[in-house]
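Beneath this line is the structure, given in structure tokens, with notes to follow.
The values are calculated or read from the model by the stated rules, or taken from the named source; none is laboratory data. The model shown is predicted, which means the values in this text are computed figures rather than measured ones. Neighbour counts are summed over all protein chains in view; Cβ atoms, including those assigned to glycine, are modelled from backbone coordinates with ideal geometry. Accessible surface is based on the protein model in full, side chains and every heavy atom, while ligands, DNA and RNA are left aside. Shrake-Rupley method; radii C 1.70, N 1.55, O 1.52, S 1.80 Å.
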Amino acid sequence: ENVKRRSRGGCETAGFRDEIARTRKPKTRKTAGFRDWLARTWKQPVFEMDLQELQKNQLPEGSGMEPASTGNNQLYNNTGGTGMSRIGRMPIAIPAGVTVEVAENNKVTVKGPKGTLERVLPGEMEIKVEGAEVHVSRPNDLKKMKSLHGLTRTLVNNMVTGVTKGFEKKLEVNGVGYRAAKAGKKLTLNLGYSHPVEMEDPEGIETVVEGQNVIIVKGIDKEKVGQFAAEIRDKRRPEPYKGKGIKYADETIRRKVGKTGKK
């Protein structure tokens, strides 16, 4: 044959090169249409900024640019405008009987009819109490600042809602012989184990049992209410065949069909 494989110290023949050329996978070319689609859907770096201006995190006014980190170099991306966070820019209304204080290092204290909440919020955000409203603003349009902007506003709003209305989570206990009972601050759960499960109400949290299969977790701190409700549910998670276990009242269990016997 004209095809000769390469040996140690040997060389390729013309026939071998022709065979490789025939069997090699052709390279795919990016067509003009693909390049146009890529340009439309991906943010393309427009121009590089001066390093000193970049370190100050200052944007040219009305340019519609935002800094984007690409390894050691930072470029500016065209975002089509200087949009604000739709959640972060919304003012928080302070109801009657509620006081909001902002101390050093963004330590926010909210007092209301149901109690007092304190929390240290991100120091990059600027929190101002103007009249009967709380305003949160960010220093620049970096991606991290945009994320913290909406988060900070939501945390303050949850504190105001907690000291006025409070939060609650409702749980349902499903299963034959499964039941819940409350004595003082101790919650007792019978969940099919060889022993009853006992849980103590944490500080600032109250649990109420309606009947024998409904548990309501109440409190002014949304984070603590959700955490304790999740811990109760974790004692016996709902299973997909019969739905036995503890589930949230608004939770939907995806059911499975069990095995069928031989006919």
Find which of Gly258, Leu155, Leu117 sits farthest along the positive direction of the dipole of the range 114-263, computed with +1 on the beta-carbon of Lys and Arg, -1 on that of Asp and Glu, about the Cα centre. Gly258
If the viscosity is 1.567 mPa s and the temperature 4 °C, what translational diffusion coefficient in µm²/s does Stokes-Einstein give for the range 184-263 when Rh comes from Kirkwood over Cα pairs? 90
Quick one: with all protein chains in place, what share of the accessible area of the range 201-242 is carbon or sulfur, to the nearest percent (1.4 Å probe)? 42
Under the Karplus relation 6.51 cos²θ - 1.76 cosθ + 1.60, θ = phi - 60°, what is the ordered set of whole-Hz ³J(HN,Hα) values for the range 100-115, x standing for Gly and Pro? 10, 10, 10, 9, 5, 6, 6, 7, 9, 10, 10, 10, x, x, 8, x
Report, by chain and number, residues whose modeled amide H sits under 5 Å from the one on Ile94, excluding near sequence neighbours (fewer than 5 apart, same chain). Glu133, Val134
